[in-house]
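Peer 1: Before anything else, here's the structure in question.
The values are calculated or read from the model by the stated rules, or taken from the named source; none is laboratory data. Worth saying up front: this structure is predicted, and the values here are computed from it rather than measured. A quick note on method: Cβ atoms are made from the backbone with ideal geometry, for glycine too, and the neighbour counts reach across all protein chains shown.
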Amino acid sequence: MESVIEVNQLVKKYRKAEKPAVDGISFEVGKGEFFALLGPNGAGKTTTISILTTTLTKTSGSVRIAGWDIEKDAAQVRRNVGIIFQNPSLDLDLTAEENIRLHASIYGVFPYRPLYRMMPAAYRKRVEELAEVVGLRDNLFRKTRGFSGGMKRKLEIMRSLIHKPQILFLDEPTQGLDASARQSIWAYLKQLRQEENLTVFLTTHYLEEAEEADRVCMVTGGRIAVLGTPDKIKRQLAGPERIMLGSEELESLKSELDGLGVAYEQQQDTLAVFPGQRSAQQIVSGIRTPLSRLDIRQPTLEEAYLSLIQGGEAV
Amino acid sequence: MIAVWRRETNATAAIAARDITKSLKNPTLLIVSLIMPLLFMGILGGSLNQNMAGGLGFNFLQFMMIGMIVNSTFTGLITGMSSLIEERDQNLTQELFVSPISRYSIIIGKMIGSSFTSLIGLIGILIVAAVMGIPLGGWHIVYVFLLTPLFCLVGGSLGILFIGIVNDSKTADIGSMMLIMPQMFLAGALTPIQHSTGILAFLAKLMRMTYCIDLARAVFYAGTPMYDQIVLNSPALNLTVMAAIFVLFTVVGTMLFVRSDKNR
């Protein structure tokens, strides 16, 4: 897969700081990939994304975005990326459309005109299409000061896509939003990824949002702790899949499991079975004891993450 | 996509238009633009005129009106440029600083936008002058108004240097007042400084606004008997100093501002 983000031995040490905020991290992100950068507060996520989006200078190392060096070719980098900042960056005194028009004009996508109706037809078409998708069509000409958090985020996403970037950087995009607003934003982003083959680079505290990522990179103390697919990381840090079995006849169930040669551990009145190489179907079909509970428990990224920050396994 | 030079011009226009749109939507600004001249020209100027301006040999309120026109553009520009710091602290300018345009385009766009805002203030001065019966000087006041873009450039460049040095909005709020007030008192905006000596005369020469006010008065009083009594320097000297200040402060200020933003 062609790499659109190449980070090599990146270091950032803030003035007067004792330790680097980012300490020699390296990774690549492929075109169209959904890449999540996770880590606790102060891990270096926002510093990394700020360097990648040219708003902060690095101390050392090299970074190329869409083939361009972030320092020598900063303007080219900016032209190829869309950014949703951790803190909303909308001008609340302007309407939604005026915010978008400002963005479209400073990115050179469309010539600036003082009124919406004077803007080129192509601009008006793109704005109306995007507004329709994010559900802001009725609020396009309202001041953004009265918008809810979810509406502001949707507007920012809409704005960041007006210049058709190759890569979309999302720095805690759903911070402070309720569950319904988060869900609707992710549904929209999924649709966009499919339609426009966007590369998405995400940092978030909501780990369930990273479950659908192609790859996840967990950082602690400015260094990469683990990098891989969510499944690999979950297996590596949170252990394997478990089959949770309960029964009124627990001893009988235990002896059947012993007979099948599978490992398990008792958690109060439930047995957590580790299927190993066998499928859940194979194990359950070998059990004759009546079951009162049966569910398959996949490890989550949250468990993996907690295991990592609580001093678990690191790569 | 449009060509590079057109892109920069387009971006500058869009950034300027943002401030202009905000000004037009802001009723407080319109009210303040009337209150400030009323306070300075109406109350302070009126009192000085009645009690201390008897033997000057020229119309003190008219003299003060020209000083207020320049002072208003300077204040508007310094305040406007300082708002970049506040906007940066509130994350509003992140959007501008990750866009693929020159930092000079951002600064110049902001300067043009702030100039428009400060020009609204000039309308307030004219209204108060008309109400107070201050003679506007015919075409001479028009010539002064034609010069206001130059004053905006010089005031704006001082604002740029200021935001290049100051890093947070609290310091910017206090600092901009510290920058505006000495200019207003020392540069002769409110009172004549022809007879200033010693440290006050020295400080008046250091004030950038001194040269702008002097140029404005040179144009306003050109061909009148009061010219020699009021004007301090030749217009050529004033223009040279203003041009030098603009170029130096804009370049150095922009470099410092961009560096302070990225190189934390």
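Peer 1: So which of B:10, B:51 ends up being more than 19 Å from the chain's Cα centre (by Cα) and either under 21 Å from residue A:95 (Cα atoms) or facing another protein chain (nearest Cβ under 9 Å) (or both)?
Peer 2: Numbers: B:51 fails: either under 21 Å from residue A:95 (Cα atoms) or facing another protein chain (nearest Cβ under 9 Å) (or both).
Among B:10, B:51, only B:10 is more than 19 Å from the chain's Cα centre (by Cα) and either under 21 Å from residue A:95 (Cα atoms) or facing another protein chain (nearest Cβ under 9 Å) (or both).
Peer 1: Of the conditions (1) within 12 Å of chain B (Cβ to nearest Cβ); (2) crowded, with 22+ Cβ neighbours inside 10 Å; (3) not hydroxyl-bearing (Ser, Thr, Tyr), residue A:118 satisfies every one except a single condition; which number is it?
Peer 2: For residue A:118, the exception is condition (2).
Peer 1: Mind checking which residues of segment B:79-129 are acidic (Asp, Glu) and more than 8 Å from chain A (Cβ to nearest Cβ)? Talk me through it step by step, then tell me what you get.
Peer 2: Let us first name the residues in segment B:79-129 that are acidic (Asp, Glu), namely B:86-87, B:89, B:95.
Hits for segment B:79-129 are B:86, B:87, B:89.
Peer 1: Among the residues of segment A:24-58, write down those that are assigned to a strand (DSSP E or B) and buried (at least 19 other Cβ atoms within 10 Å of the Cβ). Walk me through how you get there before you give the answer.
Peer 2: First, the residues of segment A:24-58 that are assigned to a strand (DSSP E or B): A:24-30, A:34-38.
If the condition is that a residue be assigned to a strand (DSSP E or B) and buried (at least 19 other Cβ atoms within 10 Å of the Cβ), then A:25, A:29, A:34, A:35, A:36, A:37, A:38 are the ones that fit.
Peer 1: Moving to a separate point now. For residue B:21, all conditions in the list (1) away from every other protein chain (no Cβ under 14 Å); (2) without any contact (Cβ under 8 Å) to a residue 60 or more places away in the chain; (3) assigned to a helix (DSSP H, G or I) hold save one; what is the number of the exception?
Peer 2: The number of the failed condition is (1).
Peer 1: Under the condition of being assigned to a helix (DSSP H, G or I), of a type outside the set (D, E, K, R) and at the interface with chain B (Cβ under 8 Å from one of its Cβ atoms), which residue from segment A:78-105 is surrounded by the most Cβ atoms within 10 Å (Cβ to Cβ)?
Peer 2: First pass over segment A:78-105, keeping only residues assigned to a helix (DSSP H, G or I): A:78-79, A:96-105.
Right, trim to of a type outside the set (D, E, K, R) and you get A:96, A:99-100, A:102-105.
So of that shortlist, the ones also at the interface with chain B (Cβ under 8 Å from one of its Cβ atoms) come out as A:102-103, A:105.
Details: A:102: 24, A:103: 24, A:105: 27.
Here the residue is A:105.
Peer 1: Wholly within segment B:92-171, which helices (runs of 4 or more DSSP H) include no fewer than the required count, namely at least 2 residues that are closer than 25 Å to residue B:30 by Cα? Show your work before the answer.
Peer 2: Values: elements: B:94-97, B:103-132, B:139-165.
Because the criterion is at least 2 residues that are closer than 25 Å to residue B:30 by Cα, the helices (runs of 4 or more DSSP H) in segment B:92-171 that meet it are B:103-132, B:139-165.
Peer 1: Within segment A:125-136, is there a residue that is assigned to a helix (DSSP H, G or I), modelled with pLDDT of 90 or more, of a type outside the set (Ser, Thr, Tyr) and surrounded by fewer than 19 Cβ atoms within 10 Å (Cβ to Cβ)?
Peer 2: Yes; the residues of segment A:125-136 include at least one that is assigned to a helix (DSSP H, G or I), modelled with pLDDT of 90 or more, of a type outside the set (Ser, Thr, Tyr) and surrounded by fewer than 19 Cβ atoms within 10 Å (Cβ to Cβ).
Peer 1: Shifting gears a bit: Which count do you get for residues in segment A:215-270 that are surrounded by fewer than 15 Cβ atoms within 10 Å (Cβ to Cβ), charged (D, E, K, R) and within 27 Å of residue A:47 (Cα to Cα)?
Peer 2: Count: 2.
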